[in-house]
Every structure is written in structure tokens, then in C-alpha cells.
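In what follows, a structure is listed as C-alpha cells, so that the remarks can point back to it.
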Amino acid sequence: MSQPPPRVRITHPRTEAVRRAPHRPAAREIDEQTQLGDVYMSSLIRSQRRLALVTCAAVTILLAGTALIGAYSANFVSARVFGLPLPWVVLGVGIYPLLIALGWWTMRTAERNERAFLDLVRRR
Amino acid sequence: MTHGPAATIAVCAVALATLLAGSLGLRRARTAGDFYVASRSVSPPWNAAAIGGEYLSAASYLGVAGLVLAFGFDALWYPVCYTAGYLVLLAVVAAPLRRSGAYTLPDFAQIRLGSTAVRGASSVLVALIGWLYLVPQLQGASLTLHTQTGAPRWAGGLVVVGVVLVAVTVSGMRSITFAQALQFWLKFAALLVPALVLVGVWHHRDDAIDDGYPTAAERVTVTLDRAVTVRLPVAEELDVRGSVDGAPVAGAADLGAGEHRLAAGTRITLERGDVVPVRTSLPAQPNGSWLRPLGSGTDHPLYASLSLVLAICLGTMGLPHVLVRFYTNPDGRDARRTTLAVLGLLSMFYLVPTVFGVLGRHYVPDLLIAGNTDATVLTLPERMVGGGAGVALGALVTAGAFAAFLSTASGLTVSVAGVLSQEMVRPRERRPHEDLRARRIRAFRLAAVVGLAFALAAATFCPLLVLGIWWPRLSPPGALAGLLAGGALATTAVLVTMTSEVSGWPGALLAQPAAWGVPITFVVMVIGSLVTPRRVPPDAGRVMIRLHAPEALAADLRDLTRG
């Protein structure tokens with residue numbers, strides 16, 4: 001007399017459990033330099049590089065623009081503000097607040113890019 | 001015209017304060033990390049003031065006002081670009097460079113490219129740029145002590161070297177951070193207070209700059225300590241004792257318009273309203289064109305202005321003594337905040353030298369005779385105010401000037417010494433040698449020589465940093481080729497400019513090498529890297545992560561491995 005085979009319980013798989021891939025944090029993907037990690041990193045680097053280019057372009061337009069207006073616009077050269085020549089007021093005083101404002105914007109945008117990157121990485 | 005005792009006391013006080021700050025830091029400097037990077041624990045406001053203190057050298061403190069006096073509107077580009085350079089630095093390199101964890105530029109080259117050859121080339125360039133920057137500081141110190149106390153010309157440089165060596169060797173970076181932050185505020189106050197008084201005096205006297213040639217504002221006597229050739233824009237009768245064009249003169253001399261050779265020891269007395277002869281190395285322009293853009297009378301002024309803008313804006317990131325400061329920030333985010341704070345501090349500071357330059361054009365144009373316009377800041381307070389108040393203000397600006405020499409020279413010493421000692425060269429052997437050469441070099445306008453240091457930095461380190469940080473495909477051979485090409489071209493241009501007179505387009509191109517040198521270096525580095533794709537270091541991707549990933553990501557990773 002052989003023993004009956006032990007009872008085996010057969011259940012329907014929990015669909016959610018099967019579909020979910022093993023949990024792989026994005027930070028680890030980046031650390032291990034997988035293709036996915038590279039996508040994350042290059043998105044951050046691209047946004048920061050774009051910001052650097054925009055800021056440099058703005059500085060160029062500001063400075064080269066002032067130089068060219070000074071070279072070619074007689075009105076700009078002869079104008080006066082508070083009794084002082086306009087070119088002196090622009091280059092001696094007025095340009096500094098613009099540089100600071102641009103720097104502040106650059107800093108804020110760079111930090112925002114980093115926050116967005118961290119949010120993206122932590123969301124998974 | 002010297003006021004020896006007050007100025008001497010001021011110089012001694014600044015030197016003592018620096019040494020005192022150094023010895024206070026001595027107790028706190030325990031590790032090598034303390035010595036080189038203050039253990040990376042300096043907060044943004046302190047760090048920003050320290051960067052400002054280090055950055056505002058003799059070229060800024062004395063040189064900018066002198067350039068404005070001599071060249072007018074076109075000289076305003078110097079302070080604007082000294083400031084804008086930090087904006088470029090903020091946008092392009094500040095945070096990634098801090099995250100690289102490197103201490104010097106050669107370190108960065110090694111971390112990013114893993115090449116000892118690129119590291120070696122960077123070290124040579126750091127020493128070269130440091131030297132170009134240090135020489136004007138010592139020269140400025142000599143000028144200051146000589147003008148203000150009548151001390152022999154070698155004394156000023158010696159004082160600076162002595163104080164710096166003692167302060168740096170006993171205490172290193174942490175005390176230097178503290179001392180330099182204080183020196184920034186000292187420099188700012190030492191310029192601002194006299195400037196406010198002088199503007200008040202100017203307003204009270206209701207003086208104005210007319211469109212004619214610069215004229216003496218009062219009776220003044222100038223004694224030449226070396227032979228100079230001057231240009232007199234219009235015929236003028238001047239009281240001269242000495243030798244003019246080889247003939248002895250004693251008394252009123254009718255000098256025609258044009259060039260005249262004045263022997264060493266000649267004394268010229270200008271009466272109020274006399275047109276001032278101008279040394280031929282400076283433009284003899286009427287105030288009307290001095291006030292206008294591109295009116296400085298140099299060759300190809302628009303090219304010169306634009307190339308200067310490029311050199312300074314891109315060169316700032318390549319200055320060894322400025323970069324070393326970024327490693328003392330706790331993290332990349334603080335590095336950005338520090339840079340923004342520096343931008344603010346510099347914007348505030350650079351409003352002031354311009355005031356000295358403009359007032360100088362009216363009250364001390366006689367500096368144009370000998371061409372020592374770098375003395376504008378030093379002579380103006382006493383000349384305009386006079387009496388005890390004038391002496392006190394003069395002593396104040398002298399103290400500020402010494403703070404400028406000391407802070408920049410010590411910053412340069414720490415960073416160059418860091419590089420040299422890491423490259424196994426004993427720095428002590430180099431110093432006295434540099435002094436000797438510093439005294440022999442031709443007298444240059446401070447800001448102009450420093451401008452050449454900027455051009456060299458822009459043509460070498462700027463492309464290395466920009467491509468290194470933003471372009472993963474940069475290869476060691478490409479970087480090396482670019483450094484060599486840019487370094488050789490810019491150095492040649494600097495040497496030719498310093499040793500000979502070239503006019504026309506070649507002269508303009510050589511005097512301002514950034515506009516062509518920077519693009520050439522970029523192109524050489526990119527092409528060199530594209531043809532050697534196999535030499536791209538295998539860990540380039542990992543280094544790019546390190547440069548750009550926020551510090552919080554590393555913290556996340558640590559949590560992951562722990563949990």
C-alpha cells in the first residue's frame with residue numbers, strides 16, 4: 001500500500017506581487033552605472049549644462065552689448081543721468097546689480113535642477 | 001610729500017594684525033587638512049570675505065584707480081570683468097569643482113583624467129600664473145612704502161615676503177582664512193571712508209572736469225627718479241630744473257608740443273592750470289575723449305576691450321589662489337552660495353576705485369608725468385584734504401594697500417606652495433630667487449600685468465575645467481595638447497608684450513591674447529580628444545557622477561547599503 005501523495009496547496013498567484021519587479025533604487029542604478037543610471041545622470045548634467053550656457057550667453061550679451069553700444073551709438077555716449085555721462089553710470093554702477101541678479105537666478109535654478117533630480121531619483 | 005610716521009605705523013599695524021591672526025590660528029591648525037583647506041569647514045560668509053580678501057590684490061586696490069586716471073572709460077572694464085568672472089565661475093565650475101574633492105588644479109587634472117603628464121603641465125602653469133600675479137604685488141608694495149614713507153624701493157617687497165612667510169609657515173589655511181576675511185573688510189573700509197570724504201570735498205569745491213587736456217589743480221613739483229620721455233599735447237611754459245632733450249635747463253622753459261626727453265633727477269614745477277606732460281607709454285588724450293568709450297587712444301580699442309573682457313571673465317576660474325578657496329566649502333551647494341556672496345562683495349568694492357580714478361584725473365594728473373598712476377589712491381587723500389585729516393586718510397589707504405599685498409601674496413603662497421610641495425619641490429628654495437627677479441623687471445602698470453596672468457589662465461585652465469566638467473569624452477592627450485598649445489601661445493604673447501613694443505594689429509593681438517588663445521585651446525583639446533577616443537579614462541563616467549550628483553544622493557546610497 002503506497003502512501004497517498006502529500007497534499008499540495010495550489011493557489012492563484014497574487015497578480016500584484018508577480019508584476020512588481022525587484023525593488024532597485026535609482027541611486028543604486030546610478031552608482032552601478034547601469035544604462036538606466038546613465039539616463040538619470042545625463043538628464044541632470046544636461047539641465048545644468050544648459051543653465052551654464054544660458055548664464056554665459058547672458059553675460060556675453062550684457063558685456064559685449066555694452067561695449068558695442070558704446071562703440072557705435074552716439075546717443076548712448078552723449079546721454080547724461082544725474083549730470084553724469086550715461087556710459088559711466090552703466091559700466092561704473094548699473095551693471096553690478098544686473099550681475100548679482102543673474103548670479104542669484106543661476107544659483108536658484110541650479111539648486112532647483114538638483115532638487116528635481118533628487119525627487120526623480122527618490123520617487124521609484 | 002611723504003608722511004612717514006603715520007604711514008609706517010599703519011603698515012606695522014597691518015603686519016602685526018596678520019601675524020597675530022596667524023598665531024591665533026596656530027593653536028587650531030593641527031592636521032594637514034587644517035593647513036591646506038581649513039578642514040573644509042568654513043561657512044559661506046567667512047569664505048566669501050576671505051575670497052574677496054585674497055582676490056582684491058594690489059591690481060584692484062591701487063591699479064584700477066590708476067588705469068581710470070590714465071585711460072578713462074575703457075579702464076572700467078577691468079573692475080566689471082573682475083566681478084563678472086565670478087558669475088561665470090558660479091555658473092560653470094563652482095559646485096562640480098568642490099565636489100571633485102581636489103585641492104589644486106593639478107589635483108583636478110589627475111582626478112578627472114588620471115594622467116601624470118597633464119598633472120605636471122598644470123603644475124608648471126600654476127607656478128607661472130602665480131609668479132605673474134605675485135610680481136605686481138611685490139612691486140606694488142615697494143611703490144607704496146616708497147611713496148608713503150620714503151623707504152628704499154626694495155623694502156616693501158621684503159616686508160611682504162617676510163610677513164607672509166612667517167604667517168603661512170606657522171599657521172596655514174585656517175588662520176589665513178580668518179586673516180583674509182578681516183583684510184577684505186579692512187581694504188573696503190580703507191577705500192570707502194577716504195572716498196566719501198573726497199567726494200564731499202569735491203562737491204563742496206564745486207569742481208568739474210572740462211573737456212580739455214588735464215591741467216594741474218594746484219602748484220605741484222614733481223621730481224623724476226628715472227629718465228622718462230613725455231608728450232606735451234600743446235606748447236607750454238613750464239618751470240624745469242634739470243635736463244630737457246639733453247640740454248640743461250634751470251627755470252622757465254618754453255616746451256613745444258610733442259615729445260621731450262627728461263633726464264633722471266629733473267624737477268618740474270607745474271602752476272595751477274598748466275597742461276600736464278604725459279609719459280609716452282600712456283595716452284595723452286584730452287578729458288573729452290578720456291570720458292568717452294574707446295577714447296583711450298590705444299590701438300584697436302574695441303578689440304582690446306572685448307578680448308580683455310574674455311580674458312578676465314574666463315581667467316578668474318583658472319587662478320590657482322582663488323580655486324583653492326573653493327575646497328574649503330563644506331559642499332557643492334555652499335560653494336555656489338559662497339560664489340554669489342563674493343559677487344556681491346566685489347560689486348560693492350569696485351564702486352570705489354573708480355571714484356579715486358576720476359578725482360585723480362582732476363587733482364593729481366601730475367602722476368602722468370612719471371607714469372606712476374598706480375600711486376593715485378595713495379596720493380589723492382593728502383593732496384585733496386591736507387593737514388592732519390589728510391595724513392590720517394593717507395595712512396588709512398596705506399594700511400589697506402598693505403592688507404591687499406599681504407592677503408594676495410599669502411593666498412598665492414599657500415596655493416603655489418601646495419602645488420610645489422606636492423610635486424616634491426622644496427618651495428623655500430624658490431622664494432628669494434623670485435624676489436631678485438621681481439626687482440629687476442621693467443616697471444609695469446599693476447593691473448596690466450595681472451591682466452596677462454588672467455589671459456594665461458583663460459587660455460589654459462579655463463578650457464581644461466570647462467571640458468573636464470561638462471564633456472565626458474575629454475582625453476588626457478587632448479587635454480595635454482591644449483594646455484601646451486594655449487600655454488605656449490599665451491606665454492609667448494606675454495613675453496613679447498613685456499619686453500618689446502609692437503604696434504598696430506600685431507601689437508593689439510599680442511597685448512590681448514585671450515580672444516584668439518582661448519578658442520585655439522578649446523579646439524585643440526576637442527580635436528585631440530576626438531582622435532584619441534581610446535585614451536578616455538575608463539572611470540570618466542564615475543568621475544562625472546561625482547562632479548555633478550548632489551551630496552544628498554551619496555547620503556541616500558549610504559542609507560541603502562546600511563539598511
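The values are calculated or read from the model by the stated rules, or taken from the named source; none is laboratory data. What you see is a predicted model, and the numbers here were worked out from it, not measured in a lab. Please note: Cβ atoms are built from the backbone with ideal geometry, for glycine as well, and neighbour counts cover all protein chains shown.
Structure summary
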read-out: Qualifying residue in segment B:536-553 (condition: farther than 21 Å from B:Thr116 by Cβ, within 14 Å of another protein chain (Cβ to nearest Cβ), touching a Cys at 6+ places or on another chain (Cβ under 9 Å) and in a helix (DSSP H, G or I)); value: no
read-out: Residue within segment B:246-259 that is more than 36 Å from the chain's Cα centre (by Cα) and in contact (Cβ under 8 Å) with a residue 24 or more places away in the chain present; value: yes
read-out: Residues of segment B:510-525 satisfying the condition of being within 21 Å of the chain's Cα centre (by Cα) and assigned to a helix (DSSP H, G or I); value: B:Leu510, B:Ala511, B:Ala514, B:Ala515, B:Gly517, B:Val518
read-out: Single unsatisfied condition, B:Leu343 versus (1) facing another protein chain (nearest Cβ under 9 Å); (2) of a type outside the set (Val, Ile, Thr); (3) assigned to a loop (DSSP other than H, G, I, E, B); value: (3)
read-out: Hits in segment B:518-532 (condition: closer than 19 Å to B:Ala493 by Cα and in contact (Cβ under 8 Å) with a residue 12 or more places away in the chain); value: B:Val518, B:Ile520, B:Thr521, B:Phe522, B:Val524
read-out: Subset of segment B:207-261 (residues that are among the small types (Gly, Ala, Ser) and on the phi > 0 side of the Ramachandran plot); value: B:Gly242, B:Gly246, B:Gly251, B:Gly258
read-out: Members of segment B:246-290 found to be in a loop (DSSP other than H, G, I, E, B), in contact with a strand residue (DSSP E or B) (Cβ under 6 Å, 6 or more places away or on another chain) and of a type in the set (A, V, I, L, M, F, W, C), listed by number; value: B:Ala257, B:Ala263, B:Ala284
read-out: Test: residue in segment B:491-498 that is out of contact with any Leu (no Cβ under 9 Å at 6 or more places or on another chain), assigned to a helix (DSSP H, G or I) and hydroxyl-bearing (Ser, Thr, Tyr); value: no
read-out: Subset of segment A:65-105 (residues that are on the phi < 0 side of the Ramachandran plot and not in a helix (DSSP H, G or I)); value: A:Ser73, A:Ala79, A:Arg80, A:Val81, A:Leu84, A:Pro85
read-out: Considering residues of segment B:297-320 that are of a type outside the set (Gly, Ala, Ser), within 19 Å of B:Ala70 (Cβ to Cβ) and outside any helix (DSSP H, G or I) only, the residue nearest to the other protein chains (Cβ to nearest Cβ); value: B:His300
read-out: The lone exception for B:Pro365 - which of (1) of a type outside the set (Asp, Glu); (2) under 15 Å from B:Lys187 (Cα atoms); (3) outside any helix (DSSP H, G or I) it fails; value: (2)
read-out: Residues located in segment B:321-340, provided they are more than 9 Å from chain A (Cβ to nearest Cβ) and among the polar types (S, T, N, Q); value: B:Thr328, B:Asn329, B:Thr338
read-out: Filter result (among the aromatic types (Phe, Trp, Tyr) and either in contact (Cβ under 8 Å) with a residue 12 or more places away in the chain or surrounded by 13 or more Cβ atoms within 10 Å (Cβ to Cβ) (or both)) within segment A:46-103; value: A:Phe76, A:Trp88, A:Tyr96
read-out: Answer residue from segment B:240-270, given it is of a type in the set (D, E, K, R) and under 18 Å from B:Tyr213 (Cβ atoms) and is surrounded by the most Cβ atoms within 10 Å (Cβ to Cβ) among those; value: B:Glu259
read-out: Counted residues, segment B:188-207 - those being assigned to a loop (DSSP other than H, G, I, E, B) and in contact (Cβ under 8 Å) with a residue 60 or more places away in the chain; value: 1
read-out: Filter pass, B:Val385 being away from every other protein chain (no Cβ under 12 Å), β-branched (Val, Ile, Thr) and more than 20 Å from the chain's Cα centre (by Cα); value: yes
read-out: Out of B:Ala459, B:Ala488, B:Ala554, sole residue that is at pLDDT 90 or above, assigned by TED's automatic domain parsing to the domain that holds B:His321 and either more than 27 Å from B:Leu319 (Cβ to Cβ) or surrounded by 20 or more Cβ atoms within 10 Å (Cβ to Cβ) (or both); value: B:Ala459
read-out: Residue check for B:Arg437: among the charged types (D, E, K, R), at pLDDT 85 or above and assigned to a helix (DSSP H, G or I); value: no
read-out: Residue within segment B:77-88 that is in contact with a Pro (Cβ under 7 Å, 6 or more places away or on another chain), away from every other protein chain (no Cβ under 14 Å) and under 21 Å from B:Val450 (Cβ atoms) present; value: no
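Yes or no, residue by residue, for (1) touching a Ser or Thr at 6+ places or on another chain (Cβ under 9 Å); (2) within 14 Å of chain A (Cβ to nearest Cβ):
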{"position": "B:Arg219", "(1), (2)": "yes, no"}
{"position": "B:Asp225", "(1), (2)": "no, no"}
{"position": "B:Pro248", "(1), (2)": "no, no"}
{"position": "B:Asn287", "(1), (2)": "no, yes"}
{"position": "B:Gly295", "(1), (2)": "yes, yes"}
